[in-house]
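We did not get these values from a lab; they are worked out from the coordinates using the rules stated. Keep in mind the model is a prediction, meaning the values are calculated, not measured. Here the Cβ is made from the backbone with ideal geometry for all residues, glycine too, and neighbour counts use every protein chain on show.
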Amino acid sequence: MYAEIHQLKDMGLKKAQVARRLDIDVKTVIKYWEMDADEFARIREQSKQRSRKLDHYHDVILGWLNKFPELSAAQVTDWLKEHYPGVRFRGRTVRRYVAQLREKHHITKERAQRQYQAVADPPMGKQMQLDFGQTTVRKPTGEPVKIYGMGAVLSHSRYRYAQWSDRPLTTSTFIQMLFCCFEYMDGIPEELVFDQDRLLAVCENYGDIIFTHEFERFKQAMGFKVWLCRAGDPESKGRIEALVKYMKGNFAANRPFTDINTWNQSCKDWLERTANREIHGTTKKVPAEVFLVERQYLRPIPCTRTIPKDILTRVVRKDNTILYKGNRYSVPIGTYEPGLELVVEEAAGILTIRHPQTGSVVARHKISLEKGVLIQNNHHLRDNTKRIDELFATTLKLLDGSNNAATFLETIRREKARYVREQFGLMQKLAQKYSPDLVARAIDYCLTYQLYSAVDCRSVAEYLLSRVEQPTAATVSGKAGSLPDHLRIKAAQRDIAVYAGLTGGEKS
């Protein structure tokens, strides 16, 4: 690493460029940037002579490993904490130390060896194995790029196919790749062997496999069967595992990446030139030559080419927005349904959002170059005007439609906009509870004293009601005998001299 840093430095690269090229931290580059060879050698020698913290526990750890060869470094870390509470070690430090002890003293973990059995090649046209892989390549400038590949191999002839994408694979892109594979081989085998990948299978379901919707449609249209490997059992499809490794090591390694189209064309040339032209190590035959015969056993590709486009979808969130490139874009109120995904298309700086079934346009937005912002069309906002107008008209009708009532309601609508529904609802209750005359007097009072609230109007109505004299059930007449007993009680009267004496005055 030290030598590579100085070689790239001599080539004129900057520290950050060297760090990217070597895939190391820029602080490491800075550390060795000005260090000469003598100083580097001295530091290396000092590090070899320096005692390590774990050397004090060398015999203890070695004893554990000899007694329990399958002991993991994580267990060693835990046991050190248990027996020596005052000392703390990083897990990475212990892992390195344990690995060095295993290598030095030839202590290997005891693992149960799985027994394999050779399987005869299936008949021609019977089976094709597929798998996915990813690797990191570099542009001519040294910038790293992650690419994703699909490989396919016919189990009998070992005829191979490979294709790459510069974006993570989706079900749609995988189906497109698979169809290109069928076209490349000019036919479809009877059976395809896959891992349990989320791109094509939702659940193994005890053998009744549930496939993704798009893949199920494609499978039925093409007419092939699927053999799904059991979870955690990649050895059952060793032919394709070898191909993916071959794709990464023989084709992709150290190849400069410019763009995905050029890369895939180079990959096809590699298939024709090397992958399918070299003698296979197991069969000792040239795959391309055997394929000339096996191709006759492949079924023809159906004429109905209902291959899905590379559809990009986004989930509708509860607030009726979708996320796209770090921003939120609105859709009309009421669009949200649990699990609903809308199709998004970007062209000429415009984001078009469509319904997946009908294809109708749900919304269009100008794409924002910012991050974390909300892009919202005004007509996507909740339109409350119509409903409030209806509520206003209903309330005004209950209040006999007077000008004062209309003025009072309009003022409430303006002053109490956030609670206008509650305010109008209370006014409706007042109109139903009290007489029209009483409510009209309460509204007049509120307008006079600028009390623009239904709550104040209710308080005024209750006050006015309390001032109204209630007639008694008995008929009041001038005769004392016609009055009820509780009304014929006469209050006692004091002489005025009593009050005059209290105030210091005299009786006049």
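Only one entry in GLN46, GLN7 is polar (S, T, N, Q) and under 21 Å from THR141 (Cα atoms), namely GLN7. Pairing each residue of the stretch 423-445 that is part of a helix (DSSP H, G or I) with any residue that is among the acidic types (Asp, Glu), provided the two are 6+ apart or on different chains, yields C-beta distances under 8 Å for PRO436/ASP400; ALA440/ASP400. Among the residues of the stretch 443-459, which ones are out of contact with any Asp or Glu (no Cβ under 9 Å at 6 or more places or on another chain) and of a type in the set (A, V, I, L, M, F, W, C)? Listed by number, the residues that qualify are ILE443, LEU447, LEU451, VAL455, CYS457. Of everything in the stretch 15-57 that is in contact (Cβ under 8 Å) with a residue 40 or more places away in the chain and out of contact with any strand residue (DSSP E or B) (no Cβ under 9 Å at 6 or more places or on another chain), the residue that is surrounded by the fewest Cβ atoms within 10 Å (Cβ to Cβ) is LYS53. When the stretch 249-282 is filtered for residues that are among the β-branched types (Val, Ile, Thr) and under 33 Å from the mean Cα position of the chain (by Cα), the ones remaining, listed by number, are THR258, ILE260, THR262. For HIS56, only one of the following conditions fails: (1) assigned to a helix (DSSP H, G or I); (2) of a type outside the set (Ser, Thr, Tyr); (3) in contact with a helix residue (DSSP H, G or I) (Cβ under 8 Å, 6 or more places away or on another chain). What is its number? It is condition (3) that HIS56 fails.
When the criteria are applied in full, LEU71 meets the requirement of being surrounded by 13 or more Cβ atoms within 10 Å (Cβ to Cβ) and over 25 Å from LYS9 (Cα atoms).
Taking the stretch 115-196 and the strands (runs of 3 or more DSSP E) fully enclosed by it, the elements with 2 or more residues that are in contact (Cβ under 8 Å) with a residue 60 or more places away in the chain and of a type in the set (Phe, Trp, Tyr) are at 160-165.
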